[in-house]
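The values are calculated or read from the model by the stated rules, or taken from the named source; none is laboratory data. This is a predicted model, so every value here is computed, not measured. Note that each Cβ is placed from the backbone with ideal geometry, even for glycine, and that neighbours are counted across all protein chains shown. Only protein heavy atoms, including side chains, enter the accessible area calculation; ligands, DNA and RNA are left aside. Shrake-Rupley method; radii C 1.70, N 1.55, O 1.52, S 1.80 Å.
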Amino acid sequence: MVLIAPSILSADFSKLREEVIALEQAGADMLHIDVMDGHFVPNLTFGPKIVKTVRECTKLPLDVHLMVSNPDDMVPWFKEAGADILTVHAEVCPHLDKTLQTIKSLGMKAGVSLNPSTSEQVLEYVLDKLDQVLVMTVNPGFGGQTFMTEQVTKISHLREKRKENSYLIEVDGGINAMTAAECVAAGADILVAGTAVFAGGEYQNNIKLLR
Ligand code: DX5
Ligand code: ZN
């Protein structure tokens with residue numbers, strides 16, 4: 001069954017603890033935390049302190065998506081904060097193989113994210129080091145954007161490349177009941193969703209609709 005990773009970017013930050021607990025009770029499989037630096041992407045969100053706060057509120061795996069220009073400098077910060085899965089963008093990792101080794105040596109699962117314009121071919125020589133591949137189905141930076149259908153081909157290509165017991169395929173951006181079905185049919189294992197999970201405050205029902 002597909003795993004659902006609600007993005008806390010859409011949460012009400014004035015009551016973050018309650019939001020995290022509510023997502024756990026609603027059946028979330030992990031929590032997706034979007035770290036943005038205002039440089040790699042045109043938006044600024046939060047850093048390790050919020051990750052640590054979320055860590056203190058839940059036992060769910062924390063899936064941290066680094067949308068920053070210098071992820072290598074920050075890997076240890078997020079280990080310290082309690083991240084379980086750390087995802088970096090291929091576009092800003094000139095030594096991607098080494099970055100993945102560092103993440104794994106610290107005891108976290110390693111993910112690589114691809115912008116819509118980035119080909120999955122950049123992963124060709126690191127496939128065996130990946131725990132997750134995060135396919136962006138919007139240009140990263142904001143919640144509430146429209147799903148880019150052409151990215152479904154990338155999901156299928158990643159499924160074809162995958163050997164047994166290797167990476168999971170995660171999809172992020174514009175996921176709703178309709179686009180979720182399309183992604184799962186193409187091979188997605190994990191769906192990130194912000195807007196669709198938080199809509200109307202019906203977290204449990206919203207999560208169910210994505211499965
Ligand atoms: C966008 C972030 C997403 C975002 C998804 O750059 O990486 O995780 O929270 O939000 P929705 O589901 O609203 O597209
Ligand atoms: Zn994300």
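I'd like to know if the stretch 152-169 contains one or more residues that are open to solvent by less than 10 Å² (accessible area, probe 1.4 Å), in contact with a Leu (Cβ under 7 Å, 6 or more places away or on another chain) and near ligand 1 (Cβ under 10 Å from one of its atoms). Give the derivation first.
So the first thing to find is which residues in the stretch 152-169 are open to solvent by less than 10 Å² (accessible area, probe 1.4 Å), and the list is 155, 158, 167, 169.
Restricting the remaining residues to those that are in contact with a Leu (Cβ under 7 Å, 6 or more places away or on another chain) gives 167, 169.
Then keep just the ones that are near ligand 1 (Cβ under 10 Å from one of its atoms); that gives none.
No: the stretch 152-169 contains no residue that is open to solvent by less than 10 Å² (accessible area, probe 1.4 Å), in contact with a Leu (Cβ under 7 Å, 6 or more places away or on another chain) and near ligand 1 (Cβ under 10 Å from one of its atoms).
Against the list (1) within 18 Å of ASN206 (Cβ to Cβ); (2) open to solvent by 10 Å² or more (accessible area, probe 1.4 Å); (3) within 14 Å of ligand 1 (Cβ to nearest atom), the condition PHE40 fails is (1).
Close contacts from the stretch 30-55, counting a first residue that is assigned to a strand (DSSP E or B) and a second that is surrounded by fewer than 16 Cβ atoms within 10 Å (Cβ to Cβ) and of a type in the set (Gly, Ala, Ser), with Cβ to Cβ under 6 Å and a gap of 6+ residues or different chains, come to LEU44/GLY38. Could you give me the residue pairs with C-beta distances under 6 Å whose first residue belongs to the stretch 93-117 and is open to solvent by less than 80 Å² (accessible area, probe 1.4 Å), whose second residue is hydroxyl-bearing (Ser, Thr, Tyr) wherever it lies, and which are 6+ apart or on separate chains? Listed by first residue and then by second, the contacts come to CYS93/THR99; GLY111/THR87; SER113/THR87. Confirm whether GLY173 is closer than 13 Å to SER7 by Cα, within 8 Å of ligand 1 (Cβ to nearest atom) and surrounded by fewer than 22 Cβ atoms within 10 Å (Cβ to Cβ). When the stated conditions are applied, GLY173 does not pass them. Candidates are the residues of the stretch 56-73 that are assigned to a helix (DSSP H, G or I) and closer than 16 Å to SER113 by Cα; the one that is least open to solvent (accessible area, probe 1.4 Å) is PRO71.
Of everything in the stretch 183-211 that's of a type outside the set (Gly, Ala, Ser) and open to solvent by 70 Å² or more (accessible area, probe 1.4 Å), which residue is nearest to ligand 2 (Cβ to nearest atom)? Break it down stepwise before answering.
Initially, the stretch 183-211 is screened for residues of a type outside the set (Gly, Ala, Ser), giving 183-184, 189-192, 195, 197-198, 202-211.
Checking the rest, the ones that are also open to solvent by 70 Å² or more (accessible area, probe 1.4 Å) come to 195, 202, 204-205, 208-209, 211.
Details: THR195: 12, GLU202: 22, GLN204: 22, ASN205: 22, LYS208: 21, LEU209: 20, ARG211: 19 Å.
Here the residue is THR195.
Residues checked against (1) modelled with pLDDT of 95 or more; (2) hydrophobic (A, V, I, L, M, F, W, C); (3) under 20 Å from LEU66 (Cβ atoms):
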residue: LEU134; (1), (2), (3): yes, yes, yes
residue: PRO140; (1), (2), (3): yes, no, yes
residue: ARG159; (1), (2), (3): yes, no, no
residue: VAL171; (1), (2), (3): yes, yes, yes
residue: ASN176; (1), (2), (3): yes, no, no
residue: ALA181; (1), (2), (3): yes, yes, no
residue: THR195; (1), (2), (3): yes, no, no
residue: GLU202; (1), (2), (3): yes, no, no
residue: ARG211; (1), (2), (3): yes, no, no
